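Here is the structure we will look at, set down as structure tokens.
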Amino acid sequence: MTKEGVQGATEDEQQAQSKKALKKQQKEAEKAAKKAEKQAKLATEQQSTEEDDFAKDRYGVSAMVQSQEKLDRALVRVQDLTPEKADQLIWLRARIHTSRAKGKQCFLVLRQQQFNVQALVAVGDCASKQMVKFAANITKESIVDVEALVRKVEQKIESCSQQDVELHIERIFVISQAEPRLPLQLDDAVRPDGEGEEEGRATVNQDTKLDNRVIDLRTTTSQAIFRLQSGVCQLFRDTLTKKGFVEIQTPKIISAASEGGANVFTVSYFKTSAYLAQSPQLYKQMCICADFDKVFCVGPVFRAEDSNTHRHLTEFVGLDIELAFNYHYHEVIDSITDTMVQIFKGLRDNFQTEIQTVNKQFPSEPFKFLEPTLRLEYTEAVAMLREAGVEMGDEDDLSTPNEKLLGRLVKEKYDTDFYVLDKYPLAVRPFYTMPDPNNPKYSNSYDMFMRGEEILSGAQRIHNAQLLTERAIHHQIDLEKIKAYIDSFRYGAPPHGGGGIGLERVCMLYLGLHNVRQTSMFPRDPKRLTP
């Protein structure tokens with residue numbers, strides 16, 4: 001090709017390229033114009049929307065509450081929303097449990113602790129389209145203040161605790177917004193095991209619940225468990241106070257292991273070491289020697305046992321009792337069993353709502369007890385177990401499976417979930433346990449059981465310094481470390497006994513649950529130190 005020909009071809013290409021570039025530019029300009037038009041339209045729409053939104057002052061995200069003002073506004077509790085409040089305009093604060101938008105309306109379920117109520121935001125005189133959209137977009141678990149009209153409903157709302165009314169919302173303000181992604185869904189956390197598996201609905205495993213305990217404690221089941229637990233403490237205190245007991249506080253940092261065992265947590269204490277108390281045992285007894293006569297305490301107890309079982313914790317709440325008696329330690333057993341019976345009756349009569357709530361997720365038989373409480377001797381229990389095919393020696397301690405089997409045998413024979421096992425072999429009890437005067441192989445000690453699991457261990461204590469010293473030597477305990485304890489009994493000590501109850505275990509067994517971590521608010525075990 002000639003030089004001129006090459007030049008002509010190049011010019012053609014350049015022309016084609018510049019045409020392309022021109023087209024591209026035109027397209028981009030058109031695009032930009034369209035975008036600008038769209039934005040202008042949107043801005044106009046938004047402006048007209050804002051102008052049209054007659055309800056814009058009736059909803060929104062409130063400024064953070066920093067105690068800026070005192071509002072003279074009474075907030076109604078969800079549990080008090082009954083048909084008697086029909087047609088009243090009320091304010092209330094609650095969490096958004098669920099929301100469901102449907103056309104020009106949005107259904108909300110508002111939750112407050114274990115109670116919830118259906119609410120409705122619908123386009124009308126009080127609510128605009130924008131207000132409905134705003135309500136539908138509030139994240140689950142956010143806290144809102146609403147002003148609403150209470151309305152009776154024709155048909156019961158089965159999915160809510162407040163079944164006879166619903167709220168027609170006129171104002172809604174977000175007080176605290178939850179993040180959109182929750183670590184677990186509350187509905188999944190209360191779903192009974194195995195339910196909803198066919199539909200592929202999730203349940204939440206225990207570690208996930210405990211890792212996100214603050215969310216898990218909001219569930220109706222958790223709310224019910226810990227309200228019932230509070231009831232146990234209240235009934236324990238009230239019953240013993242009526243019986244003339246004095247509540248005491250005991251130190252948790254001690255110089256020697258209170259049970260004489262090795263399962264204690266050691267803490268550095270300035271230039272020496274100290275221990276976390278395994279029980280308030282020694283101090284309860286000192287109070288009896290100091291003429292307090294009948295004492296109890298409620299406080300933390302620490303056990304450095306590497307037990308990863310369903311019923312062991314490294315820190316739990318001890319409900320401890322100690323009292324002087326006149327002539328026989330059965331006076332002590334009678335006082336403790338009566339206290340337990342009063343607790344069981346109080347729970348049965350005053351906590352049915354909580355019991356039923358827990359039963360929905362964890363079904364169990366109602367707890368049964370007798371009055372007076374059944375008391376069996378250890379030898380009788382061994383005979384019952386042998387009859388059921390268990391091989392064990394007269395002085396062997398009960399293994400956990402044998403305790404459970406005995407619980408089932410007792411239930412079949414006596415129809416009770418609560419009983420006392422008396423006269424344990426001396427060899428399996430702590431050094432301060434009083435030996436049986438008629439048979440040195442046995443002791444004046446007892447355990448109490450609920451649904452076949454031990455909840456209390458107790459005994460008549462040795463109140464004679466010489467016998468106490470002999471028993472401590474027999475158990476190879478360093479006398480120097482328990483000198484203050486033994487010295488308490490040198491100046492006249494009344495005969496006395498008592499026992500320690502594990503609060504979490506009592507709640508677990510009363511409700512028929514299967515893991516003590518469910519009844520410990522922030523459980524501590526060998527593998528868990530947080531949250």
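The values are calculated or read from the model by the stated rules, or taken from the named source; none is laboratory data. Quantities reported herein were computed from a predicted structural model and do not represent experimental measurements. Glycine also receives a Cβ, built like all others from the backbone with ideal geometry; neighbour counts cover every protein chain displayed. Areas reflect the complete protein model, heavy atoms only, side chains present, ligands, DNA and RNA absent. Shrake-Rupley method; radii C 1.70, N 1.55, O 1.52, S 1.80 Å.
Couple of notes before you dig in:
- In the chain, excluding the sites themselves, the longest stretch lacking any of the chymotrypsin sites (Phe, Trp or Tyr not before Pro) that are in a DSSP loop with at most 12 other Cβ atoms within 10 Å is 1-269.
- Binned Cα-Cα distances of the stretch 221-518, short to long, each 5 Å bin given as a whole percent: 1, 5, 11, 15, 18, 18, 14, 10, 5, 2, 1, 0
- Heavy-atom accessible surface of the chain: percent carbon and sulfur, 1.4 Å: 49 percent
- The chain: relative contact order in percent, alpha carbon pairs under 8 Å with at least 6 residues between: 12 percent
- Sparse-neighbour loop sites [GluC sites (Glu not before Pro); the stretch 118-156; at most 14 other C-beta within 10 Å; DSSP]: Glu154
- Cα coordinate range in the chain, projected on the principal axes (Å, largest first): 126, 79, 53
- Charge dipole of the chain (Cα centre as origin; +1 on each Lys and Arg Cβ, -1 on each Asp and Glu Cβ, all else neutral): 1780 debye, rounded to the nearest 20.
- For the chain, the longest principal axis of the Cα atoms and the long axis of helix 330-350 meet at an angle of about 20 degrees.
- Taken one residue at a time, the phi angles of the stretch 18-33 give Karplus couplings (6.51, -1.76, 1.60, θ = phi - 60°) of 5, 4, 4, 4, 4, 4, 4, 4, 4, 4, 4, 5, 4, 4, 4, 4 Hz. Gly and Pro are set to x.
- Looking at the stretch 440-531, the pairs of alpha carbons with a distance over 15 Å make up 71% of the total.
- A 1.4 Å probe run over the stretch 73-176, with the rest of the protein chains in place, finds 48 Å² accessible per residue.
- As an equivalent ellipsoid, the stretch 413-460 spans semi-axes of 23, 11, 7 angstrom, where each value is the square root of five times an eigenvalue of the C-alpha gyration tensor, largest first.
- Dipole check for the stretch 317-429: with +1 at the C-beta of Lys and Arg, -1 at the C-beta of Asp and Glu, and the Cα centre as origin, the magnitude is about 460 Debye.
- Separation of the stretch 148-170 from the stretch 71-121 is 8 Å, based on Cα centroids.
- Placing unit charges on each Cβ (+1 for Lys and Arg, -1 for Asp and Glu) gives the chain a dipole about its Cα centre, and among Ser176, Val123, Ala459 the Cα reaching farthest toward its positive end belongs to Val123.
- Hull-based mean projected area of the stretch 341-396, where the convex hull spans the alpha carbons, in square nanometres: 6.0 nm²
- Percent of alpha-carbon pairs separated by more than 15 Å within the stretch 264-366: 76 percent
- Annotation: Val61 carries an accessible surface of approximately 90 Å², with a 1.4 Å probe and no ligand, DNA or RNA atoms counted.
- Rounded to the nearest whole Hz, the Karplus-based 3J(HN,Hα) values (6.51 cos²θ - 1.76 cosθ + 1.60, θ = phi - 60°) of the stretch 466-479 follow the sequence 5, 5, 4, 4, 4, 5, 5, 5, 4, 8, 6, 9, 5, 4, with x at glycine and proline.
- Considering only Ile355, Leu511, Ala74, and ranking their Cα positions along the charge dipole of the chain that arises from unit charges at the beta-carbon of Lys, Arg, Asp and Glu, the one farthest toward the positive end is Ala74.
- Shape analysis of the stretch 73-176 yields a ratio of the Cα radius of gyration to the Kirkwood radius, Rg/Rh, of 0.92.
- Surrounding net charge for Lys31, when Lys and Arg each add one and Asp and Glu each subtract one, Cβ distance under 12 Å: +2
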